[in-house]
Amino acid sequence: MVVLITGSSSGIGETVARRLLKDGHCVSLMARRADLLESIIRDMDPDSEGRALAVPGDVASWDACRDAASQTVSAFGRLDGLVNAAGTWVEEPLIEASPGDIQRFVDTDVSGAILVTRACLPHLKASGSGRLIHLNGLQGFIRQRPPVLYAAVESAVRGLTESLRWEAADYGVHVGLISLGAVANTQAPTPAVTSLSDDGGRVSLSRDEVADAVIFMLSRAKGVNVDEIILTPLNRKP
């Protein structure tokens with residue numbers, strides 16, 4: 001497979017890229033920091049086998065999304081998958097959030113999801129069995145409580161994938177959504193289970209556990225669509 005992964009300079013996106021490369025696939029890494037992407041690729045591909053490509057850019061920019069998709073196809077001959085792991089966060093409640101932070105959140109998580117999807121769709125269609133995966137949060141369908149901005153952007157991404165699934169089926173592109181509970185993004189890909197727990201109950205997922213779900217969705221047979229995976233820590237006390 002040839003897969004473009006956004007948000008791949010750290011966290012889940014980086015972990016997915018490393019796992020796919022280790023499994024023999026070709027990957028393009030998209031994020032805003034070119035120097036960080038190049039450093040990750042040198043570490044991932046020390047023998048310079050040429051199966052990893054840095055395509056720096058901001059998903060909120062149409063030009064950057066278009067260029068990332070076209071550079072991937074130029075380098076590897078095709079594009080089989082898009083994994084959109086790009087995302088940001090606004091901590092404050094809506095009444096306190098600054099307009100600039102709100103705009104940045106929407107630009108990355110909503111506009112970015114739409115733009116990178118639009119840029120990749122023609123190439124995924126051309127591959128004959130392309131797959132498009134968006135990573136999302138539980139607030140996309142559990143909207144009874146704050147944070148309000150998180151619920152708003154994740155609901156928009158859910159709407160995008162659920163509607164696109166029907167449209168893209170007409171030209172053979174598979175569309176999936178992975179909705180996540182809490183993820184230990186700043187820890188090792190597979191940390192000790194105790195570090196993912198609180199008083200014995202699991203409260204966080206590891207990055208490798210999320211990558212397992214992504215790879216499962218990517219690896220289904222042509223014509224088999226996994227509409228959604230909901231992945232959460234059990235949070236059960238012993």
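The values are calculated or read from the model by the stated rules, or taken from the named source; none is laboratory data. These numbers were taken from a predicted model, which means no experiment stands behind them. Backbone-built Cβ (ideal geometry, glycine too); neighbour counts: all protein chains shown.
Worth pointing out:
- Positions within the stretch 13-33 being surrounded by fewer than 24 Cβ atoms within 10 Å (Cβ to Cβ) and closer than 19 Å to VAL73 by Cα, in sequence order: LEU21, GLY24, HIS25, CYS26
- Condition check for SER111: over 16 Å from VAL3 (Cα atoms), of a type in the set (Ser, Thr, Tyr), surrounded by 15 or more Cβ atoms within 10 Å (Cβ to Cβ) and within 16 Å of the chain's Cα centre (by Cα): yes
- Criterion (among the β-branched types (Val, Ile, Thr), at pLDDT 95 or above and under 26 Å from SER163 (Cα atoms)) met by exactly one of VAL27, VAL59: VAL59
- The residues of the stretch 153-175 that are out of contact with any Gly (no Cβ under 9 Å at 6 or more places or on another chain), surrounded by 16 or more Cβ atoms within 10 Å (Cβ to Cβ) and part of a helix (DSSP H, G or I), listed by number, are LEU160, LEU164.
- Residue match in the stretch 137-152 (condition: touching a helix residue (DSSP H, G or I) at 6+ places or on another chain (Cβ under 6 Å) and assigned to a strand (DSSP E or B)): yes
- Reported count of residues in the stretch 176-195, each being surrounded by 13 or more Cβ atoms within 10 Å (Cβ to Cβ) and either without any contact (Cβ under 8 Å) to a residue 12 or more places away in the chain or in contact with a strand residue (DSSP E or B) (Cβ under 6 Å, 6 or more places away or on another chain) (or both), is 6.
Here is a yes/no grid of residues against (1) outside any loop (DSSP other than H, G, I, E, B); (2) not acidic (Asp, Glu):
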residue: ASP35; (1), (2): yes, no
residue: ALA60; (1), (2): no, yes
residue: ARG66; (1), (2): yes, yes
residue: SER70; (1), (2): yes, yes
residue: VAL73; (1), (2): yes, yes
residue: GLU92; (1), (2): no, no
residue: ILE95; (1), (2): no, yes
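- Candidate set: the stretch 116-164, residues that are of a type in the set (Val, Ile, Thr) and either more than 30 Å from VAL73 (Cα to Cα) or touching a Pro at 6+ places or on another chain (Cβ under 6 Å) (or both); chosen: the one modelled with the highest pLDDT: VAL148
- Looking only at residues in the stretch 196-210 that are aliphatic (A, V, I, L, M) and in contact with a helix residue (DSSP H, G or I) (Cβ under 8 Å, 6 or more places away or on another chain), the one that is surrounded by the most Cβ atoms within 10 Å (Cβ to Cβ) is VAL210.
- Looking across the stretch 99-136, just one residue is part of a loop (DSSP other than H, G, I, E, B) and closer than 24 Å to ALA31 by Cα, and that is GLY130.
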